[in-house]
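Written out below as structure tokens is the structure these notes cover.
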Amino acid sequence: MADCGVITSKTVLLFLSLIFWVAGAVLTYVAAALLSTYKNYANFFHDQYTVLPASVILGVALLMFGIGIIGCCSTLKESPCGLGLFLFILLLIFTAEVTAFVMAVIFRKQVHEGVDGSMTIVFKKYDGTNADSRAVDYLQKEMQCCGVNNYTYWLSTEWFAKANNYSVPISCCRASFSNCTGSLNHTELINTKGCENKLQMGLESILSYAVLVILVFAIIKVLFVSLGLLFIAQPRSSGSMDNSPSLLA
């Protein structure tokens, strides 16, 4: 019965070690998405709070790749010492994930306030040639949006008054219409929805995904620790102990 329990624990632990690699890959994707969003739209984030949860998540992901290897080796070699170290590091990662989880939740609440203020400032500086203008044009093209709240935002801007051609920037044009000039006489050719809501929704979507992933794998870690402690406590045959080298030896 003891051997059966050990075999079962080893099988589950090996399976969960593979899950750790999958978790590391998923968390790397989430962190990369957050960092990419910040890099592409850095002008619209005056505070660098986007980087904080992304950096923590990326650090956790890289550690998870390594700890998955340690878990496999410790389990296959039946090394209580190695597995104990593995569980200790696992608890440290769990703490880091809780930190990332809290930061992601807090950042979700700051998205609306942060994007709202910074986006309005950048759009007001639009003149068609400066760095802020290039940032606005990139945002409008990528997000397929126009203006802060909607396309009518441009009617009250200094750029619109100086241009005096009753049009919005060409970056407001829908991608499917190559003949679009931004003229407000043909609103069917331009994107009418605002960029603020689209950017907020994009960030919130990524962060919601991050929160979900962290929560799911935190539960898996609790299971992993429980099984690891069970495996350490299980009596093993003397032959297995004699022939199995320690991971840390």
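The values are calculated or read from the model by the stated rules, or taken from the named source; none is laboratory data. For clarity, every value in this text was computed on a predicted model and none was experimentally measured. Glycine also receives a Cβ, built like all others from the backbone with ideal geometry; neighbour counts cover every protein chain displayed.
Mind listing just one residue for me: the one in region 28-48 that is part of a loop (DSSP other than H, G, I, E, B) and surrounded by fewer than 16 Cβ atoms within 10 Å (Cβ to Cβ) and, of those, modelled with the highest pLDDT? Top of the filtered list is HIS46.
When ASP132 is tested against the conditions (1) surrounded by 15 or more Cβ atoms within 10 Å (Cβ to Cβ); (2) within 24 Å of GLN200 (Cβ to Cβ); (3) without any contact (Cβ under 8 Å) to a residue 24 or more places away in the chain, the lone failure is (3). In region 147-161, is there at least one residue being under 26 Å from the mean Cα position of the chain (by Cα) and surrounded by 17 or more Cβ atoms within 10 Å (Cβ to Cβ)? Yes: one or more hits.
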